[in-house]
1. Which residues, taken from the range 378-406, are farther than 21 Å from Glu252 by Cα and open to solvent by less than 80 Å² (accessible area, probe 1.4 Å)?
2. Of the residues Leu442, Leu461, only one is surrounded by 10 or more Cβ atoms within 10 Å (Cβ to Cβ) and either farther than 30 Å from Lys387 by Cβ or touching a Cys at 6+ places or on another chain (Cβ under 9 Å) (or both); which?
3. Taking the conditions exactly as written (in a loop (DSSP other than H, G, I, E, B), within 28 Å of Gln244 (Cα to Cα) and either of a type in the set (Lys, Arg) or touching a strand residue (DSSP E or B) at 6+ places or on another chain (Cβ under 9 Å) (or both)), does Glu421 satisfy them or not?
4. Of all residues in the range 156-174, which are free of Cβ contacts under 8 Å to residues at least 40 places away in the same chain and surrounded by 13 or more Cβ atoms within 10 Å (Cβ to Cβ)?
5. Count, please, the residues in the range 264-288 that happen to be among the charged types (D, E, K, R) and either at pLDDT below 90 or open to solvent by less than 40 Å² (accessible area, probe 1.4 Å) (or both).
6. Among (1) under 28 Å from Ala275 (Cα atoms); (2) open to solvent by 40 Å² or more (accessible area, probe 1.4 Å); (3) touching a helix residue (DSSP H, G or I) at 6+ places or on another chain (Cβ under 7 Å), where does Ser220 come up short?
7. Please find, within the range 419-439, the residue that is surrounded by the most Cβ atoms within 10 Å (Cβ to Cβ) out of those that are over 11 Å from Asn373 (Cα atoms) and of a type in the set (Phe, Trp, Tyr).
8. Do any residues in the range 385-409 that are over 17 Å from Glu421 (Cα atoms) have Cβ atoms under 9 Å from those of residues that are crowded, with 16+ Cβ neighbours inside 10 Å and of a type in the set (Phe, Trp, Tyr), where the two are at least six apart or on different chains, and which pairs are they?
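The values are calculated or read from the model by the stated rules, or taken from the named source; none is laboratory data. Please read all numbers here as calculations on a predicted model, not as lab measurements. Don't worry about glycine lacking a Cβ; one is built from the backbone with ideal geometry, like all the others, and counts go over all protein chains shown. Only protein heavy atoms, including side chains, enter the accessible area calculation; ligands, DNA and RNA are left aside. Shrake-Rupley method; radii C 1.70, N 1.55, O 1.52, S 1.80 Å.
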Amino acid sequence: MADQENEQRSGFSNFIQSSFGLNIALGAGIALAVGIMAAVYMWSMKTADYRVLLSNYSDRDGGAIVAALSTMAVPYKFSEDGGTILVPSGQVYDARLKLAAQGLPRGGNIGFELMENQKMGTSQFIEQVNYQRAQEGELARTINSIGSVASSRVHLAIPKPSVFVREKQYPTASVMVNLQSGRALDMGQVNAIVHLVSSSVPELPAKNVTVVDQNGSLLSGKTSDGNDPNKLDPSQLKYVRDIQDNLIRRIEAILTPLLGEGNVKAQVAAEVNFATVEKATETYSPNSNPEKNTIRSQKSNESSSSDPVKGGIPGAASNQAGATPAAGAAPAAGAATNARRENIVNYEVDKVISYTKEPVGGIKRLAVAVVVNLKSSVDDEGKTTQKPLTDDEKAQVTALIKEAVGFSQDRGDTINLTNSEFKQAEKVEIPEDPIWKPYANLATAKTAIQYIITAVVLFLLYSKVLKPLMARMANASVGGSLAFGGAAGAGGFARGAGGAAGAAGAEQEEEEEEVDEELDAEAKKIASDLSGLGRNSGSDLKAVQKFGEQNPKAVAAVVKDWISE
């Protein structure tokens, strides 16, 4: 039983040492190496860093995207909430470009492509509904292109046209925007959305557009009206900040060359008038010199009358009523005459009418505060001392500030100049991070461990499996050739020397030819040495050369036998 096992082991060992067995072993080793490399690659892919490919997609787009990724053999997985598709970080941009080439994602809103699949026999009502849906989808797509908007929906209420002017109704629109996390729309963006929708729908006034965010807050109601003085426009606040910043820069720019860099700090508070004021003034002045004034109208009126005094002989006849003087009698002495003259002259009145419109955004008042550091000086010993500014220097600095800001006493502007020592902040030395610190994280450690394990496995596979197999194959090919040639040469040499001495050990009884004992022994020795050379896995070309130098006759016999065969 033990003999059978030994024979099986020796047979397996001989098979492994044979050329065919070595080829099989080498192929198995290479296949094992490739398998280990594939396993390590798959392991690294499973633990790869996944990044966001797409998010906030519709169910229809999600199915199409997953199918496209499977076709492209791109591994993917979903986030915990299922609203984001993740792919390996090295394939994010490539996958996005390939999906974009296929028109993905198409978006949850359907645009005018809805009109491309119209069927025959569609009613006018269905056509109108489809057109309105397409219009809403196109508007939503345009609004989604705003950076702060993640998604949006647009609802249009378009009334039926009427031939009666009194019954005419205007369209209305409602816009629902879903903003990005941590983002908000300012007044200008909301107004832009309102005017975008208003300009896209015929006869839709801007006041009929309502914009609401995902929290239910009304955004369009916050827009400011320039005609309403009770509402504050953010652009007005920005205008005030720009004025203040500009005045601060002017103060620091004019004082820095005089006092040094970092020795001046200024702040300006500007009160700006945003009210629109229009005044109409009508002024009347007295006529100081009537002769030089213009006569507007002149009227003259002159009249005269006389009242005679009754006279005659005193008596009853003259006192009676109806008594008249005799014809031809002269008027009595003492008769009264009345004369009247009236002259009216109207002159033009001096009148001045002026219309004044004050500009919007004018400065009503300025309050300027400036802090100046103490003046530094170096004495003969090299010590630095700080001294306050003199009165003349303060007056000079104040005058420069007034000129820089356009100081006006009538406007009520004020300037406060303070000369004090600046407190320097303590410098905190921040230690520099070592070079390896940015890479000292869990992800880098995992990647390093993967590469180390891969390198160790490949090194062990090469040193313990592939290298011995390749060496054994090389030695077996060289040794086998020499053993085969040596045995044949020894037999030929023995036959040339006196008979078949090489076969004396196998068929001694059948061989009866007389062979020289010395040649027979030498032939056996050569065959034994050549056979041992072929079996010895550690032999190389130097050993073969050494053997040839020591046994030139045997080598000659081998070559002769090769030529004869």
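1. Asp379, Gly382, Thr385
2. Just one listed residue meets the conditions, Leu461.
3. yes
4. If the condition is that a residue be free of Cβ contacts under 8 Å to residues at least 40 places away in the same chain and surrounded by 13 or more Cβ atoms within 10 Å (Cβ to Cβ), then Ala157, Tyr170, Pro171, Thr172, Ala173, Ser174 are the ones that fit.
5. Number of matching residues: 3.
6. The number of the failed condition is (2).
7. Tyr439
8. That search, which allows pairs on different chains as well, returns Ile401/Phe407.
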